[in-house]
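Notes to accompany the following structure.
The values are calculated or read from the model by the stated rules, or taken from the named source; none is laboratory data. The structure presented is a predicted model; accordingly, all values stated were derived computationally and were not measured. With ideal geometry, Cβ positions are generated from the backbone for all residues, glycine too; neighbour counts draw on all protein chains shown. Surface accessibility is based on the protein's heavy atoms, side chains included, excluding ligands, DNA and RNA. Shrake-Rupley method; radii C 1.70, N 1.55, O 1.52, S 1.80 Å.
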Amino acid sequence: MHAALLDEAHRAIEKKLPERGNDYRLGYHLSPPAGWMNDPNGLVYFQGEYHVFYQHHPYSAQWGPMYWGHAKSSDLVHWEHLPIALAPSDTYDRDGCFSGSAVVAGDTLYLIYTGHTWLGEPGDDQKIHQVQCLASSTNGLTFTKHGPVIETPPHPDIMHFRDPKVWKRADQWWMALGARQGDDPQLLLYRSEDLHHWDYLGCALDGQRESDGYMWECPDVFELDGCDVFLYSPQGLKPSGYDNWNKFQNSYRLGQLDNSGCFIESSRLRELDHGHDFYAAQTLLAPDGRRLLWAWMDMWDSPMPSQEQHWCGALSLPREVSRDGDRLRMRPARELTALRQSRQTLDIGKLESQHRTLDVRGALLEFELELDLAGSTAERFGLALRCSEDQQERTLLYFDAMARRLILDRQHSGAGVSGVRSVPVTSEQTRIALRIFLDRSSIEVFVDDGAYSLSSRIYPRPDSLVVSAFAVNGAGVFGEISVWSLADLKL
């Protein structure tokens with residue numbers, strides 16, 4: 001049954017490929033060949049290659065019964081799409097193989113995921129059943145299902161109970177699960193000797209509906225420089241100041257996880273990325289010790305115009321995560337410099353209340369530059385990217401001196417999207433260092449060596465390729481700008 005459903009799903013993808021539109025198709029970000037993509041799952045290094053699995057609906061560009069899509073890479077840059085790994089084929093997962101993780105034990109790759117069934121009408125989140133399931137493979141291509149390994153939640157009031165993240169701690173396997181008891185979110189922990197039999201340790205951390213939302217999805221717990229990180233996706237947070245303006249967030253807390261399974265917080269909740277489209281982030285430990293992270297570079301209920309072209313969804317670029325005190329930094333994975341092709345340098349210098357078109361065009365570009373705050377008097381200054389010739393279509397990235405914020409403005413960034421996001425700039429700062437990645441329908445901005453990031457989808461017309469610099473009501477001073485055209489890998 002499982003093999004037959006996988007074959008059928010593969011044929012559905014092949015049938016859609018000739019119809020797929022590519023106006024917004026990303027050149028170097030991982031997207032599904034066709035159909036729908038959301039959460040990254042099962043990030044793992046196996047037999048000398050990186051494997052990324054993801055939530056996938058192969059039959060349409062809309063969310064539907066979840067399969068696990070699959071891709072691999074030897075260098076984090078060039079990705080090969082592989083056959084779909086999991087299909088919702090059994091009574092325990094008939095309505096979806098939901099998110100989870102992957103681990104390697106001996107010469108075997110294990111997938112741990114949530115089996116989902118609707119008990120009422122599909123889409124009725126008040127009538128569901130969720131179990132935690134195991135599958136395995138010795139070749140990394142074909143997977144054998146072993147069925148549920150955790151069949152009931154620890155409390156009868158818990159119905160939402162999903163997204164297992166499994167890791168090795170000392171000589172035992174640990175599992176983190178996101179749960180919802182009533183209207184309050186919880187982080188649940190289990191422990192196992194063999195991945196098949198699990199003991200419940202308890203609730204490592206719980207939250208209150210008003211301050212912590214109602215559900216913590218896609219938990220990840222990992223050690224970083226002597227501190228434990230609880231990375232998760234809270235649902236139901238209310239906007240506060242400049243924070244939490246997306247429908248759902250990606251956030252983290254720092255602390256210590258003790259051997260009894262209690263997480264003791266040492267820092268407050270922080271938003272992980274400050275753009276419009278970033279959710280369900282997950283990490284893996286690379287062979288060289290780096291902690292690498294991917295996220296779904298979209299957001300629920302956001303405009304997704306690529307759906308009309310028979311595909312939808314993308315993953316962020318892989319990022320290296322490090323700790324800086326009580327904050328995390330995210331830098332683009334160092335391997336991504338392999339995308340660079342021709343390089344230009346632009347010397348803008350000082351712009352005095354003007355707008356200047358730059359001698360660079362493109363949809364797939366990387367920028368490195370500094371904004372000189374100490375030498376500038378402009379109310380705002382920065383770059384306009386993916387502009388149409390008449391400047392009516394544009395994505396703006398600029399420093400606002402009155403608000404002391406770096407602003408990403410996609411009010412005019414193309415089909416459907418809108419909104420403004422920003423990060424703070426302290427009064428002591430004299431410069432802002434920026435690294436910007438543009439793809440056909442995305443922008444990722446890394447600020448001050450990864451202290452902040454802003455990731456957003458944009459949907460400009462294919463011919464909106466102009467880049468310009470601007471300063472409003474005063475002088476804006478730009479350091480030398482390096483610009484690279486990036487390889488179109490047609491992923």
Exercise. Before rounding to the nearest 500, sum -39500 (n - 2.57) across all DSSP H runs of length at least 4 in the chain and divide by the residue total; then give [θ] at 222 nm in deg cm²/dmol.
Key: -1000 deg cm²/dmol
Quiz item: Hey, what's the stretch 340-486 come to in accessible area per residue, 1.4 Å probe, Å²?
Solution: 38
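Ranked by accessible surface with a 1.4 Å probe, highest first, in what order do 129, 274 come?
On the way: 129 80, 274 25 Å².
The residues order as 129, 274, largest area first.
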Quiz item: If you build the Cα gyration tensor of the stretch 1-332 and take the root of 5 times each eigenvalue, what three semi-axes come out, in whole angstrom, biggest first?
Solution: 27, 23, 21
Quiz prompt | Heavy atoms of residue 183 accessible to a 1.4 Å probe, total area in Å² rounded to 10 | solution = 90
Practice problem: Above 14 angstrom, tally the Cα pairs of the stretch 335-378 and express them as a % of all pairs, no decimals. | Solution: 62
Self-check item: Per-pair calculated FRET efficiency, R0 = 30 Å: residue 242 and residue 152 via Cβ, rounded to 0.05
Solution: 0.15
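At a 1.4 Å probe radius, carbon and sulfur cover how many percent of the accessible area of the chain?
In the chain, the share of accessible area belonging to carbon and sulfur is 46 percent.
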Self-check item: Accessible area (Å², 1.4 Å probe, nearest 10) - residue 449
Solution: 90
Quiz prompt | Accessible-area order (highest first, 1.4 angstrom probe) of the listed residues 262, 312 | solution = 262, 312
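What trypsin sites (Lys or Arg not before Pro) in the stretch 62-135 are in a loop by DSSP, with at most 13 other Cβ atoms within 10 Å of the Cβ? Don't skip to the end; give the middle numbers.
Working: sites: 72, 94, 127; in loops: 94, 127.
Hits after loop and neighbour filter: 127.
For the stretch 52-129, what is the accessible area per residue in Å², given a 1.4 Å probe and the full set of protein chains? Before the final figure, lay out the partial values.
Working: 2770 Å² over 78 residues.
On a per-residue basis, 36 Å².
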Practice problem: Take the Cα atoms of the stretch 67-167, find their three principal axes, and give me the spread along each one in whole Å, biggest first. | Solution: 44, 27, 23
